[in-house]
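This report refers to the structure that appears directly beneath it.
The values are calculated or read from the model by the stated rules, or taken from the named source; none is laboratory data. Remember, it's a predicted structure, so these values are computed and weren't measured experimentally. Cβ coordinates were reconstructed from backbone atoms using ideal geometry, including for glycine residues, and neighbour counts include every protein chain displayed. We work out accessible area using only protein heavy atoms, side chains counted, and drop any ligands, DNA or RNA first. Shrake-Rupley method; radii C 1.70, N 1.55, O 1.52, S 1.80 Å.
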Amino acid sequence: MKIEVRADGLHISGYVNVTRKLSRPVITPRGKVLETIEERAFSEAISKSGDITVQLDHDSGHAYARTSDGTLKLREDAIGLHADALITDETVIEMARKGKLRGWSFGMFNVMDEMESRGADELPIRHVKSLELDHVSLIKDKVPCYAATSVECRANGNVDMELRSLDIEPELVIENKPDFTEYENRLKALG
């Protein structure tokens, strides 16, 4: 994750998830598994979604950026799901300045998968073929890759909302503001 504090806000970019990479053990509706998101699953999810938001720690109470207004751009490339976000919320900008933003996470539902059985002492592998992407989320604290699962209620009833996170140390860049002190001092001397 690359974090830049600029004059117009907080610019965050990086990979939310790397496709075809195995997760750490996670608890899913299919039990405890290793999991991988297959190629093109994110592209299809993005094309089906009307609006995907950026949340903070999966809190749906506030959207800090969104695809519908262009403050969030998502794409799947040969590596995985890449996000570029512009956030203007001062609280989140201050968290970034203090190094409190630690990585990305995402929420998915309506998952279509295939299970791969393995040896008796090995966890099966869940291959996620298709999903609906609800949101991407910035995380404040280090959370292990694919660490959490929860269930959220939606208007149509219960939906299994699976939350996944990626643990990557962010790179923080704070744009240097020009120093006008010398110019201001010359104006004062003239004035």
Relative contact order for the range 1-125 using alpha-carbon pairs under 8 Å, separation at least 6, rounded to a whole percent? 29
Considering the dipole of the range 1-114 built from charges on the beta carbon (Lys and Arg +1, Asp and Glu -1) around the Cα centre, which of Gly70, Ser105, Val26 is farthest to its positive end? Val26
In nm, what is the difference between 0.36 nm times the number of residues separating Ser130 and Glu94 and their Cα-Cα distance? 9.4 nm
What distance in nm separates the simple spin-label points at Glu116 and Ile79, each placed 7 Å from Cα in the Cβ direction? 2.3
Report Rg(Cα)/(2.2 N^0.38 Å) for the range 1-111, keeping two decimals. 1.12
To the nearest 20 debye, what is the magnitude of the charge dipole of the range 31-94 about its Cα centre, counting +1 on the Cβ of each Lys and Arg and -1 on the Cβ of each Asp and Glu? 260
Which length gain, in nm to one decimal place, applies between Leu123 and Ile46 when the Cα-Cα distance is subtracted from 0.36 nm times their residue separation? 24.8 nm
Using a 1.4 Å probe on heavy atoms of the protein chains only, the accessible area for Val18 in Å², nearest 10, reads 50
For the Lys32, Ser68 Cβ pair and Förster radius 45 Å, calculated FRET efficiency rounded to 0.05 is 0.80
